[in-house]
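Worksheet for the structure shown next.
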Amino acid sequence: MSFRSPRCPLSPCARLHTQSHLPAGLRVYPSLIVLSVVFADPFMELAEGKKISCKKVLLFFLFSLIFSTCFFVSFHQFRTSEPDYYSYDLSVETASAGNTSTPLQGERRLTVLLWKWPFGQRFNFVNCSERYGTSDCHFTVNRRWSQKADAVIMHHRDVYRETQWLAQLPRLPSQRWIWFNLESPSHSPNLGAMDNLFNLTMSYRRDSDIFTPYGELRLLSQPQPLSIPPKTKLVAWIVSNWKADSHRVKYYEELKKHITVDVYGQYHWPLPRDKLLPTVSQYNFYLAFENSQHEDYITEKLWRNALSCGTVPVVLGPPRENYERFLPPDSFIHVDDFASAGDLAHYLQELSRDTERYQRYFQWRKWLKPVVGDGWALRVCKACHFLQTTEARYQVVPSLSKWFV
């Protein structure tokens, strides 16, 4: 019985049709069938005593060369079919990242992929176990780990334009994607595209899965004597992002009609970073005015520029009750406590002349110390610590935009 088809004699289509009835191990690839026909033809003519034309000889050698090349390429691919990232030298990357710790015996070290450097700012990873006492993580920015990492941290401002592409990326069922953002909703574009994309949140919001505030108060082991830097000036404000139509600038424009405010930053008096503390510490008050008003959005304007410099912050941001989740109620002055900017100015002038009343804003410092938020390296360590100490369970953030805004 012949397998040939009258419509395509000796053609690959006939052979493919018949191969479907053969066991998998006996099936032959069409390209090999074609080559076998080409090779067999000259030998059949020799066996029959016929002369072989030069054209057929050249054709024979040409197909021999092609066949040999295909065979060796296929063989090489078979030997190296494992994806290239499996041969990546982990020890080299780990050393270059500054993360050289090893997991505790019997524990598997988690791998955390940082999708992009936040705002393009590179930093050295650190040994998180030294801070938290738990097993360290293997941090990497190499996306060859995207299909093997236990978690992927994505900084919002660096990925918000890529959400459609991110949604199509293959990901492990057990892999957790972490949405990382320290900006307010007013400065976090395309939030709606983040819905149903991430498993965990990491931000300054207290109800984030991984809470990363701009600062905090730490309890001292024993009370400290009250120490207030000498005051020779009244009110200071450092502002780099000046927008005339913003709420904070409009409030300042009204306030300066009643009291002198020294303004530093872009378009104003220059202030090098290393001069910030000695300069601001001379002032009785500092305007810790946020660029937008949102829940828990209390930034370095308060923690570093005011509290760490030993001055009394005058805050403009979320409501007073929100600030009191982080600070003692008598540690700051809120603009909402006054009917107008003029009333606030009058209060500040009176307070600056009353030493006893002014010092009441520092009493909390006997037991508490303001600490500015961690840098990028320690923030990703918080993610590592969370992953190490929290039971893994499936969850998704269905409406990130609704929650964050």
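The values are calculated or read from the model by the stated rules, or taken from the named source; none is laboratory data. Quick caveat, the model's predicted, so the values are computed rather than measured. When we count neighbours, we look across all protein chains shown, and the Cβ atoms used for this are built from the backbone with ideal geometry, even at glycine.
Brief remarks on what is shown
- Exclusive hit being assigned by TED's automatic domain parsing to the domain that holds L113 and exposed (fewer than 15 other Cβ atoms within 10 Å of the Cβ), set Q395, Q363, Q359, Q388: Q395
- If you check L234, L226 for being within 28 Å of L344 (Cβ to Cβ), out of contact with any Pro (no Cβ under 7 Å at 6 or more places or on another chain), at pLDDT below 95 and not polar (S, T, N, Q), only one passes: L226.
- When A339, A383, A392, A377 are checked against the criterion of being among the small types (G, A, S) and without any contact (Cβ under 8 Å) to a residue 12 or more places away in the chain, A339 stands alone in meeting it.
- Every residue from segment 227-275 that is under 27 Å from R365 (Cα atoms) and assigned to a strand (DSSP E or B): K233, L234, V235, A236, W237, I238, V261, D262, V263, Y264
- So R171, is it among the charged types (D, E, K, R) and at pLDDT 95 or above: no
- Residues satisfying the stated conditions in segment 222-254, i.e. closer than 20 Å to Q282 by Cα and either out of contact with any strand residue (DSSP E or B) (no Cβ under 7 Å at 6 or more places or on another chain) or of a type in the set (A, V, I, L, M) (or both): P225, L226, S227, I228, P229, P230, T232, L234, V235, A236, I238, V239
- Condition met for T140 (outside the structural domain of Q293 (by TED's automatic domain parsing), over 30 Å from H294 (Cβ atoms) and among the β-branched types (V, I, T)): yes
- Note on segment 132-164: among residues that are within 15 Å of K382 (Cβ to Cβ) and of a type in the set (G, A, S), the one that is surrounded by the most Cβ atoms within 10 Å (Cβ to Cβ) is A151.
- Where strands (runs of 3 or more DSSP E) fall wholly inside segment 146-216, the ranges with 1 or more residues that are farther than 16 Å from L113 by Cβ are 176-181, 200-203.
- Segment 255-267 - residue that is surrounded by 14 or more Cβ atoms within 10 Å (Cβ to Cβ) and modelled with pLDDT of 95 or more and, of those, farthest from the chain's Cα centre (by Cα): H258
Let's see how each residue does on (1) in contact with a strand residue (DSSP E or B) (Cβ under 7 Å, 6 or more places away or on another chain); (2) surrounded by 19 or more Cβ atoms within 10 Å (Cβ to Cβ); (3) of a type in the set (S, T, N, Q):
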position	(1), (2), (3)
R325	no, no, no
P329	no, no, no
T355	no, no, yes
A383	yes, yes, no
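- Out of P328, P370, one residue alone is part of a loop (DSSP other than H, G, I, E, B) and either at pLDDT 95 or above or within 30 Å of D136 (Cβ to Cβ) (or both). It is P328.
- Cβ pairs under 6 Å, 6+ apart, first in segment 279-302 and more than 21 Å from V371 (Cβ to Cβ), second in a strand (DSSP E or B) and among the β-branched types (V, I, T): F285/V235; F285/V312; F285/V314; L287/V314
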